[in-house]
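What follows is a short report on a single structure.
Read-outs: derived from the displayed coordinates by stated rules, not from any lab. Quick caveat: nothing in here was measured; it's all calculated off a predicted structure. As a convention, Cβ positions derive from the backbone with ideal geometry for all residues, glycine included, and neighbour counts pool all protein chains shown.
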Ligand SMILES: Nc1ncnc2c1ncn2[C@@H]1O[C@H](COP(=O)(O)OP(=O)(O)OP(=O)(O)O)[C@@H](O)[C@H]1O
Ligand SMILES: Nc1ncnc2c1ncn2[C@@H]1O[C@H](COP(=O)(O)OP(=O)(O)OP(=O)(O)O)[C@@H](O)[C@H]1O
Ligand SMILES: [Mg+2]
Ligand SMILES: [Mg+2]
């Protein structure tokens, strides 16, 4: 018998007439690693909530069908015992931390289930050691980095010794390295502790092969499920963007044995043509450095407290009609750089030029007219009653009015039909676009975007990419921070890598991303040794076709 | 804004109950006593305790904020009252208040009241610097488990929300809102969207917080407590002398030695050598924790023992 | 001999009434949602003292507490007010004023709750009046203990004198309250109500969806 059985589960949130879960059937066995994917808003989070027993209890609404754990209906379970058995981790670590101190945070759940202090002490010490957090136990959670916070959250759930771990996009805030580390922990827990894991994650390439079973959802329904190989074969036709890039590449090549990992992919390349991986071939690099400087940063230093420099000796320029992406670990100073350029933080030293004009000391509202800055969190923008007012606000406060361009921007962002909706009623992706809209109305010719891809699914990311390309072609130069390497490889012209407040690499994306240890996209790693410059699927297909004739099996 | 700083000193190592009792004895003692010699003794004790708690400089800094209040009270006491016999200055008649006068007695009384308020403020500054809010909360949670959780949640939320507030403010600045120009009403009006945006975001976040609490088994019966604070010898010693000091103080009150006559004419703060003895005993007992703090710093051996 | 009995009694009364309220609250079965909401609003009310620090005595705390009471009722109003006072003093410094502030803001929340209960046709006017009154009342309440403890004799004259020392600040406080209530009140009440609906709808009994 399965550990978790979900039968005909249908669920409506209060005041909603479309079901968020629609007749879901799912059995999960003890010790299984289930990877749950699907487009944004398809009900992944809702399903996890249902399994954790939060759905009818916490949200109300209407529910039908049954969820049982260990052959007993969730409604019959004592909530305290259930919470001990099923641990859930939510998307945003900051919002689920309850206590001030790291130790207290981890002990919080244990206190709730009335574990005696002696036992509590042991468990807290154990999970702290497991995640290498022992040295931080006296810290204030507020002072931890994103990755550390996420680990504390994971530790605080594991301290309760759950049998099932539900993870809702646990790595969305993390840099590629920290994300990988967290996923490794999850995999280890599954392999070594036999923990049952249900994972929702947007980083498909890093999770697909970890799972025993992939469950694909859309519009509240489970559309397909099976082991990763079966799903990859199916999804390659139906939802080609929801499989790892390596699989996407070979899916157009050989539909029978689609590789899931780089290792398999490379083996396959070698089998197609032995010795291929040792042949050198290169895609020519376009010469980028010939644009006009839109924005120039020279010798920039910045600090929040006049003691520790967060930014050290930064020099770079943005060219006209280009998209530049900044990559770098959490806390590298990426956001700080954008804040400094947009005038929110006064540089300790150095200058910023816009179109050759020194704008270093100007007020943020003056700079904002030419240099649009979109911060990390779209929610910080939304306080007006309708989308239209929200977007208009920037003009109104400057005493300007330009209904035409507002309409044009809403059209561009695909928000024309949402004009009169309260922005707080929109989904995450739509909020992101409204926030972007507020920045665009003053028609800046430089755009600074801080992690605009956060929490977006593949589809939405693609849409955003298209919008950015339109803007670029209209003459805007864009500087964007992201942790999403594949997205960066896809849309950027140039890539800057920051580490510990310094720029450690800056140049054409092909030069910078290729062969980078952490930031190389999957396709690039696949072709390592033969062609260091390929970054995306279209290019690599071309290369492959040059070398070997395409087999006729491809439809 | 200030955040509690952990430091390695005797006072911070005491049990929250001991610290609360110390505060209680000092504040209540100060309120019921009007004898300037006892008050001066208490003042000196508090200052030395502040020094032992490595907080003398922050005491000086904080005092500036309270100075207005202390001075105003001294002035009121000096001007309003005209019961003093030795009139030094007789001022104009003011409606409601009658004639303003200054007499020797009212000056003395004003000074003593100023001293009193100074002691109360200083004692609280000491308390703020040595009482670890987490520890206080763990004691509090024995009696009020739910409310203690509420306090903990609110305390945790404030810095995060502060950060959010700063972000929202920055964004609005970029959007063209001006905070530092314009008149009084203008400036308030420009800050209003801040509150609105912050309220909207934090209400949404409160859902996540609640979910996280619920998913970690909150509200299902009795809670245990992670912090177990032990009562050490130092606590027992310190408490003993506090209680002793308070007992002697009460006795002194009954004998009439804790108060001083101000009106119509100043009495003498000291009536006999016995009186002096008693004052010394009160202040000395109160002073014992400071001595212990000093020993704690000097001798590691003592630190291990108590 | 000066009698400071009243000072002690008043402190005692305030502390004991706070303890009673908190004990009562602790015995109730509070849902996770409510606890998170109260903590969030209290943090907001406490924190909102900060952005207005540049304008003396003007802060939206009183106003936020009143509308919380108005929307969510007297109980949450009191809790939010008193918690905001207690917790913000962890950052600004505790003093003898802490229990008085807790009671002061707590009562402001209760008053808001009473108006919410009363449901006047035009809610704006009574809320504005309440905001004005509490600007002064709050200051007076805080002064009472100083008057009882440090002033002699305890006459109307001396009471008025003590209140006069802070009258300018109280006036600014009241003015700020009214400005907040006037410009921001309707909006925030709308937001809180919208949220309250989400909170309370979910308390409806769970309905089974019919399966065909
Ligand atoms: N608290 C809520 N109240 C009302 N509707 C909600 C609530 N949470 C989610 N929904 C709706 O339920 C549907 C499913 O949402 P859910 O959050 O489960 O999707 P998801 O797959 O997790 O999406 P994402 O990838 O964006 O996180 C969406 O249409 C969403 O608008
Ligand atoms: N307002 C602030 N005050 C003080 N220090 C700050 C502030 N904001 C950021 N820092 C510090 O500056 C450093 C760089 O932070 P920043 O936010 O720029 O990093 P980041 O590269 O954007 O990271 P992430 O990928 O997590 O967004 C960090 O060590 C951080 O702790
Ligand atoms: Mg989700
Ligand atoms: Mg950042």
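A compact table of results
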item	result
The stretch A:33-72 shape via C-alpha gyration tensor axes, a/c threshold 1.5	oblate
Residues of the stretch A:403-426 with amide N under 11 Å of the 7 Å Cα→Cβ point at residue A:386	A:418-422
DSSP beta bridges in the stretch A:86-228 [antiparallel fraction, %, rounded to 5]	40
Per-bin percent of Cα-Cα distances, the stretch A:405-471 [10 Å]	20, 58, 22, 0
Compactness of the stretch A:355-479 as Cα Rg over 2.2 N^0.38 Å, two decimals	1.01
The stretch A:347-394: Cα Rg divided by the 2.2 N^0.38 Å rule of thumb	1.48
Over chain B: helical MRE at 222 nm, DSSP H runs n ≥ 4 each giving -39500 (n - 2.57), nearest 500	-24500 deg cm²/dmol
Stretch gain in nm, segment residue C:156-residue C:121, where the contour uses 0.36 nm per residue and the Cα spacing is subtracted	8.7 nm
Taking B:300, A:483, A:462 and counting other C-beta atoms within 10 Å, the order from fewest to most	B:300, A:462, A:483
Partner chain coverage, peptide A:111-120 - average Cβ within 10 angstrom	5
Other protein chain Cβ atoms within 10 Å, averaged over every residue that makes up A:90-97	5
Translational diffusion of chain A, µm² s⁻¹ [Kirkwood Rh, Cα pairs; Stokes-Einstein; 37 °C; 0.692 mPa s]	129
Per-residue [θ]222 nm for chain A (sum of -39500 (n - 2.57) over DSSP H runs n ≥ 4, rounded to 500)	-10500 deg cm²/dmol
Counting DSSP beta bridges with both ends in the protein assembly as shown, the antiparallel % (nearest 5)	55
Label point distance in nm, residue A:366-residue A:73, each placed 7 Å from Cα along Cα→Cβ	6.9
Listed residues B:194, B:239, B:19, most fluctuating in chain B (Gaussian network, C-alpha, under 10 Å)	B:194
FRET efficiency, 1/(1 + (r/R0)^6) with R0 30 Å, evaluated for residue B:3 and residue A:95 via beta carbons	0.90
Hydrodynamic radius of the stretch B:1-126 per Kirkwood, over alpha carbon pairs, in Å	16.4
Cα shape, the stretch B:95-219, gyration tensor, a/c 1.5 rule	oblate
If the convex hull is drawn through the Cα atoms of the stretch C:107-175, its volume per residue in Å³	88
Debye equation applied to the C-alpha atoms of the stretch B:152-293, log10 I(q)/I(0) at 0.15, 0.17 Å⁻¹	-0.84, -1.00
Percentage of interatomic Cα-Cα distances in chain B larger than 23 Å	70
Length-normalised contact order for chain A - Cα pairs under 8 Å, 6+ apart - percent	14
Pairs of Cα atoms farther than 37 Å apart, the protein assembly as shown, %	59
Two-site label geometry, residue A:421 and residue B:139: point separation in nm, points 7 Å out along Cα→Cβ	5.4
Diffusion constant of the stretch A:17-148 at 10 °C, which comes from Stokes-Einstein with the Kirkwood Cα-pair radius and 1.306 mPa s, µm²/s	92
Calculated P(r) of chain C - Cα pairs past 32 Å, %	22
Stokes-Einstein diffusion coefficient of the stretch A:130-212, Kirkwood radius over Cα pairs, 37 °C, 0.692 mPa s, in µm²/s	246
Relative contact order computed over chain B (Cα-Cα under 8 Å; 6+ residues apart), in percent	29
Per-residue mean of C-beta atoms belonging to partner chains within 10 Å, peptide C:91-101	5
Three-way shape call for the stretch C:1-75 based on the alpha-carbon gyration tensor, with the a/c threshold at 1.5	oblate
Average Cα contact separation per residue, the stretch A:126-205, under 8 Å, 6 or more apart, as relative contact order %	32
Spherically averaged projected area of the stretch A:165-222 from its Cα convex hull (nm²)	4.2
DSSP-defined beta bridges in chain A - what % are antiparallel, rounded to 5	55
Average projected area [Cα convex hull, the stretch B:218-306], square nanometres	11.3
Sites residue B:186 and residue B:86 - FRET efficiency at Förster radius 60 Å, r taken between beta-carbons, to 0.05	0.65
